[in-house]
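The values are calculated or read from the model by the stated rules, or taken from the named source; none is laboratory data. Source: prediction; values computed, not measured. Ideal geometry is used to build each Cβ from the backbone, glycine not excepted, and the neighbour counts take in all protein chains shown.
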């Protein structure tokens, strides 16, 4: 049951603001910016019978890093009732790593029309993940979840993201196809499983994982060579 709740939490993490009460909604729950692109496009759709304003921008997930990386244009706009607005996301810096993926927040802020008379106006903010994938990593992304490895230490073992990609792991299954239970902190780690991250799987033999793909759909991946030992990982610069 806990595993099912965890998968649901992963699926809803990109949808928390795109609820029935939201006037504006993005056309995806996650976006991938491939390094060989000049820009990517996204669409804001209006779910209301009223004209709304909107603002879009990109934040660094690492808050102490204030360097601008991406801009969204137009950043401010008006959308007619049941209309839509296309905007572009463009890279304006090359300071991000080129040997692994990076992740950012794409924000959409509603700007409601002025109320006629008294009342409360709601302005919901949507926030979804924007992944930057360097050009040299584009080709190897398909099914990369299968390449996670097992690190063996005295009395312990860990599932390690020994790849250069960022995963959103919803559930990890043992060889009997039973979900492994994790702490809340470990679940948070798996929800944004960065290169080099690890979770304790001592006492279990991992067979497969469920993870979100580039389109935000939950997919099943069987690990390759899941008996690899830890010394293989030492050769990987992402650890």
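Points to keep in mind about this one:
- Selection of region 48-58 for residues being more than 16 Å from residue 76 (Cα to Cα) and surrounded by 15 or more Cβ atoms within 10 Å (Cβ to Cβ) yields only 48.
- Search result, residues across region 46-69 that are assigned to a strand (DSSP E or B) and touching a residue at least 40 places away in the same chain (Cβ under 8 Å): 52, 53, 54, 55, 56, 57, 58, 59, 60
- Residue ranges of strands (runs of 3 or more DSSP E) in region 171-226 with at least 3 members closer than 16 Å to residue 156 by Cβ and in contact (Cβ under 8 Å) with a residue 40 or more places away in the chain: 198-200
- Residue within region 92-104 that is surrounded by 15 or more Cβ atoms within 10 Å (Cβ to Cβ), modelled with pLDDT of 95 or more and more than 30 Å from residue 183 (Cα to Cα) present: no
- Leading residue by the ranking (nearest to residue 41 (Cα to Cα)) among those in region 81-110 that are in contact (Cβ under 8 Å) with a residue 24 or more places away in the chain and out of contact with any strand residue (DSSP E or B) (no Cβ under 7 Å at 6 or more places or on another chain): 93
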